[in-house]
Amino acid sequence: MLNYIWLAFFVISFISAICQSLFGSGIGVWNGLVQACFASAKSGFEISIGLTGILCFWLGMMKIAESSGIINCLTKLLSPLFKRIMPEVPANHKSFNSIIMNMAANILGLDNAATPAGIKAMKDLQELNPKQDTASNAQIMFMVINSSSVTLLPITIFMYRAQMGAASPTAVFIPILLATSISTLVGFLSVAYCQKIKLDKVISAYLIGAISVISSIAYGFLQLPENLRSDYSSLAGNFILFAIIISFLTAGAVKKIPVYDEFVKGAKEGFNVAISIIPYLVAMLVAIGVLRASGAIDLSLNYLSQALNYFGFDASFVAALPTAIMKPLSGSGARGLMLETMAHYGADSLPAFMAATIQGCSETTFYVLAVYMGSAGVTKVRHGLACALLADIAGIIAAIYFSYKFFA
C-alpha cells in the first residue's frame, strides 16, 4: 500500500508541474520541485537527529518503569477488565503482560516501543486461536483498541512540535486526550457489539469511571475562557509529564533498582530508533515536499475550501485533512504531512494544531492490521477492520471539533 502511495505522490507532482508549466505559474515550478527535494531531505534528516535525545530519554524511562514493577501494577489494575473483554484468554496468560506493555507505550505515545510488545501479544494470543488463519475475538479486541490509539500522553507529538519551533509543544495535550478517548470508546463499543460482550458490573465500572474522568476534564476546560484553554492544556501536559518522570524514578528507588543503569540500558535503544526512522522520514518528506511544490496540494485544498465556503461552512480544517486521510494508511506518511503542515502554516497555526491532534488521537489502522495480524499468520480479520475504521473516523471528527474549541 505504502509503495503505491509514495509512487503516486511523485507521479501526481510530475503531472501537476506539467499543467502548471502550460497553464499556470510557468516553468519556475521545476526549480521549485528540485529545491523541495533537497530541502525536504535535509529537513527529514535534521528532524530525525533532533529526536535522538528525547527518544533516548523516554525509552530509558520506560525501562525503569518496567524494571521497577510499574508495568506489573498496571497489569493487575487492568486484568479484571481484560478477563471480561477477552473471556477466551485464561487468567494470568502470558499475553496479558505483552498487552499491558504495548498499551503503556501507547499511552505515552511511544509508537516504536509499542510495536514489539504488540507483535508479541498477537503471537501469544495466536497460540490460543483454534482457527489459525482467522482472527480470534481476543485478537480483534486487542487490535482495535490498539489501532484506536489510546494515547493519554502523546510524547512523540510533543517532540515533533518542539522540533518544529512550537511556542508551547504540550498545548495539544487536552485536545488529544479527549479525542483519543472518544476514538477508543467507539472502537471498544463497536467490537463489544459485534462480539456480543455483555457490559457487566466490572466492565461498566471501568467505562463509567473513564467516561466520568474524561467528561469532567472536557467540561472543566470548555468552561474556561477560550483564550486560556491552550495555556491550561499546556500547563496540565507539562505537570503530568514531569510527575510521571518523578513517579518512575521514585518507584525505581523504592524497589532499590539501579535507576541510572536501567535508564542507560533503555536509552541505548533510542539512538537506534532515531537512526532507523531517517530513511522513512526523508522518503515521505521529499514526496510530500514535491507534491506541495507542484501545486497539487494547494489546488486541491483551495477547491475544497471554496466549495465549503460556498455552502456556508468554515473551511479552516481543510488544511489538516491530508494528515487525517493518510493516518489510517501510513504512520510515516501522516507524520510527514503533519510536519509539512507545521512548516507551511507555522507550528502554532490552527491547521498545525489540528494535524497534530489528529496525528495523536488516531492510529495507522492498515499498518497495525498488516503488521500485527501478519506476524501471527492471520489473513481473515472478520469485523476487525470495520470497527477500527469506525474508531478512526470518530477520533478524527473529535480532533477537529476540539481543535476549534481550543485553538480557533
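The values are calculated or read from the model by the stated rules, or taken from the named source; none is laboratory data. These figures come from a predicted structure and were not determined experimentally. So basically every Cβ, Gly included, is an ideal-geometry build from the backbone, and we count neighbours across all protein chains shown.
Quick look at the values:
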| read-out | value |
| --- | --- |
| Matching residues in the stretch 136-175 - criterion: being touching a residue at least 60 places away in the same chain (Cβ under 8 Å), of a type in the set (A, V, I, L, M) and under 30 Å from residue 125 (Cα atoms) | 140, 143, 144, 153, 155 |
| Residue identified as of a type in the set (A, V, I, L, M, F, W, C) and over 17 Å from the mean Cα position of the chain (by Cα) among 376, 370, 352 | 376 |
| Residues (without any contact (Cβ under 8 Å) to a residue 24 or more places away in the chain and within 23 Å of residue 345 (Cβ to Cβ)) located in the stretch 256-299 | 298 |
| Selection from the stretch 74-95 of residues that are assigned to a helix (DSSP H, G or I) and under 18 Å from residue 202 (Cα atoms) | 74, 75, 76, 77, 78, 79, 80, 81, 82, 83, 84, 85 |
| Sole residue being modelled with pLDDT of 80 or more, charged (D, E, K, R) and under 27 Å from residue 245 (Cα atoms), chosen from 76, 42, 83, 63 | 63 |
| Among the candidates 330, 362, 375, 403, residue that is polar (S, T, N, Q), touching a Phe, Trp or Tyr at 6+ places or on another chain (Cβ under 8 Å), at negative phi and modelled with pLDDT under 90 | 330 |
| Out of 218, 253, 243, sole residue that is surrounded by 15 or more Cβ atoms within 10 Å (Cβ to Cβ) and assigned to a helix (DSSP H, G or I) | 218 |
| Residue ranges of helices (runs of 4 or more DSSP H) in the stretch 333-407 with at least 1 members within 22 Å of residue 9 (Cβ to Cβ) and touching a Leu at 6+ places or on another chain (Cβ under 8 Å) | 350-361, 365-368 |
| Candidate set: the stretch 46-70, residues that are touching a Phe, Trp or Tyr at 6+ places or on another chain (Cβ under 6 Å) and buried (at least 23 other Cβ atoms within 10 Å of the Cβ); chosen: the one nearest to residue 159 (Cα to Cα) | 61 |
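This table checks each residue for (1) in contact (Cβ under 8 Å) with a residue 60 or more places away in the chain; (2) of a type in the set (Lys, Arg).
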| residue | (1), (2) |
| --- | --- |
| 197 | yes, no |
| 204 | no, no |
| 209 | no, no |
| 214 | no, no |
| 219 | no, no |
| 229 | yes, yes |
| 234 | yes, no |
| 237 | yes, no |
| 240 | yes, no |
